[in-house]
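To start, the structure under review is shown below, and the notes come after it.
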Amino acid sequence: MRYALLICDDETDAPSNEEIAADPAHRAWCADVARRGAEVIGVRLRPVVDATSVRVREGETLISDGPYAETKDFVGGVVIIDCADLDEAIQIAAGHPYARRGGIEIRPLWE
């Protein structure tokens, strides 16, 4: 079963790419996911200041800078995993360093 892990955190306290790469907890999590053969793809998203939101209302395209929702937490990355079931997805998500500082939302993919 494939799941999307939405990596959520407070953007004002987000570490740099270099800090993430040097973080032993993050490297251990990546190694665990690789050991399981579970990662399909993982990407870090740029800050919400770089986002563009698009909505269409009554045939009119509305474009705004920034995220659609006003929130302190933001989706900072997405990891697609392929694992046995939701229980394993929960184990993988619980091991991610951001589960201790932000949150990980698990969503099954439509297949």
Highest to lowest packing among 95-107, 39-51, scored as the average C-beta count within 10 Å
95-107, 39-51
For Val49 and Ile63 in one chain, what is 0.36 nm times their gap in residues minus the Cα-Cα distance, to one decimal in nm?
3.6 nm
Please tell me the relative contact order of the chain in percent, rounded to the nearest whole number, where contacts are Cα pairs under 8 Å and at least six residues apart.
50 percent
Quick shape summary for the range 2-108, equivalent ellipsoid via Cα gyration tensor, semi-axes whole Å in descending order, reads 28, 18, 11
Highest mean packing first, using Cβ neighbours within 10 angstrom, the peptides 18-27, 85-94, 1-10 sort as 1-10, 85-94, 18-27
Computed, not fitted: 222 nm per-residue ellipticity of the chain from DSSP H runs ≥ 4 (each -39500 (n - 2.57)), nearest 500, equal to -7500 deg cm²/dmol
Relative to the longest principal Cα axis of the chain, at what angle does helix 86-95 sit, 0 to 90 degrees, rounded to 10?
90 degrees
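How do Ser16, Ser64 line up, fewest other C-beta atoms within 10 Å first?
Ser16, Ser64
Readers should treat all values here as calculations from the given coordinates under stated rules, not as data from a laboratory. These figures come from a predicted structure and were not determined experimentally. Neighbour counts are summed over all protein chains in view; Cβ atoms, including those assigned to glycine, are modelled from backbone coordinates with ideal geometry.
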